[in-house]
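Read the structure below first, then the notes.
What follows is calculated from the coordinates using simple rules that are stated; it is not laboratory data. Note that the coordinates shown come from a computational prediction; the quantities given were computed from them, not determined experimentally. Counting neighbours? That spans all protein chains shown, and the Cβs are built from the backbone with ideal geometry, glycine included.
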Amino acid sequence: GDSVTQMEGPVTLSEEAFLTINCTYTATGYPSLFWYVQYPGEGLQLLLKATKADDKGSNKGFEATYRKETTSFHLEKGSVQVSDSAVYFCALTSGGYNKLIFGAGTRLAVHP
Amino acid sequence: DAGVIQSPRHEVTEMGQEVTLRCKPISGHDYLFWYRQTMMRGLELLIYFNNNVPIDDSGMPEDRFSAKMPNASFSTLKIQPSEPRDSAVYFCASRLDRTQYFGPGTRLTVL
């Protein structure tokens, strides 16, 4: 079945460091891909998305490119801030877009 | 837009009691989803509705769990009777096109 694999955390960085969180997927058809972020005690917020191959999603300095050839959707940010500390979830649509399949989540901790 | 609204935000109850969680989706969204999040199992899809009709409830763990959507602006998830292993954060999400938008969640603690 469809699945998402994320790098295990926690990822610990200093402020202004470069961030990469790896995400690869297995899917039939042409899924849409998403990154959600969950801050402590809150729900999941949509961070960015891409709906077809080679699309780049971007928001708040974060970027991810839909790579069909490598089945990847890695999240990047050039300079992280303490306020970016959260859990990041990679996800894809499955079952005719009706379901979201989530990765296990990657916890990011950014220190001043 | 107010986003997806869930109530209560926190619920503490005793084993055996009935618990009802509520959700108001974003207006105009045609799908509604209920999820459960725990440290052990992560995010689990429990059930989802399309135009108020339950489509897939295969994720509902037991008959103790039931969900309804009487109209386009309201859904409930009920647990009766509740058990300590039901303690989790329960999220509601609504969807337009391919994108799901999540509510803030209800943190349920069953003692």
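With +1 on the Cβ of every Lys and Arg and -1 on the Cβ of every Asp and Glu, and nothing else charged, how large is the dipole of the stretch B:32-111 about its Cα centre, in debye rounded to the nearest 20? Could the numbers behind the result be given before it?
Details: 9 positive and 8 negative charges, 41 e Å.
Dipole of the stretch B:32-111, to the nearest 20 debye: 200 debye.
Spin-label point model (7 Å from Cα, Cβ direction): what's the B:ASP57 to B:VAL12 distance in nm?
3.2 nm
Which whole-number percent gives the relative contact order of chain B, counting Cα pairs below 8 Å spaced six or more residues apart? Intermediate results must be reported in sequence, preceding the final value.
Working: 280 pairs, mean separation 41.6, N = 111.
After rounding, I find 37 percent.
What pairs in B:LYS24/B:LYS78; A:LYS49/A:LYS77; A:LYS77/A:LYS99; A:LYS49/A:LYS99 have C-alpha atoms more than 21 Å from each other? If you can, show how the numbers build up before the last one.
On the way: B:LYS24/B:LYS78 15 Å; A:LYS49/A:LYS77 15 Å; A:LYS77/A:LYS99 27 Å; A:LYS49/A:LYS99 15 Å.
Correct reply: A:LYS77/A:LYS99.
With the convex hull built on the Cα atoms of the stretch A:12-101, state its orientation-averaged projected area in nm².
Working: hull surface 23.7 nm².
Over all viewing directions, the stretch A:12-101 projects a mean Cα-hull area of 5.9 nm².
Anyone know which of B:GLU83, B:GLU62, B:GLU11 comes out most mobile in the 10 Å Cα GNM of chain B?
Taking springs between Cα atoms under 10 Å, the residue moving most is B:GLU62.
Would you work out which of B:VAL110, A:VAL80, A:SER58 lies farthest towards the positive end of the dipole of the protein assembly as shown, given +1 charges on the beta-carbon of Lys and Arg and -1 on that of Asp and Glu, about the Cα centre?
A:SER58
Over chain A, what relative contact order in percent results from Cα pairs under 8 Å that are six or more residues apart?
On the way: 291 pairs, mean separation 40.6, N = 112.
In percent, rounded to a whole number, it is 36.
5 Å is the cut-off here: which amide hydrogens, built 1.01 Å from N in the peptide plane, fall below it relative to A:LYS99, excluding neighbours closer than 5 in sequence?
HN-HN under 5 Å from A:LYS99: A:SER94.
Under 17 Å Cα to Cα from B:LYS68, which aspartates and glutamates show up? Leave out anything in the same chain fewer than 8 places away.
List returned: B:GLU18, B:ASP30, B:ASP56, B:ASP57.
By counting other Cβ atoms within 10 Å of each Cβ, how are A:LEU48, A:LEU33 ranked from fewest to most? Before the final figure, lay out each step's value.
Values: A:LEU48 19, A:LEU33 27.
Ordered from fewest to most neighbouring Cβ atoms within 10 Å, A:LEU48, A:LEU33 come out as A:LEU48, A:LEU33.
Mind checking the dipole of the protein assembly as shown: about its Cα centre, +1 per Lys or Arg Cβ, -1 per Asp or Glu Cβ, Debye to the nearest 20? All intermediate terms of the calculation are to be shown ahead of the outcome.
Numbers: 21 positive and 24 negative charges, 52 e Å.
Computed about the Cα centre, the dipole is about 240 debye.
Which values of log₁₀ I(q)/I(0), to two decimal places, follow from the Debye formula for the protein assembly as shown at q = 0.08, 0.13 Å⁻¹ with a uniform point scatterer at every Cα?
-0.29, -0.77
List, largest first, the extents of the alpha carbons of the stretch B:1-77 along their principal axes, each in whole Å.
Principal axes ranked by extent give 36, 25, 23 Å for the Cα atoms.
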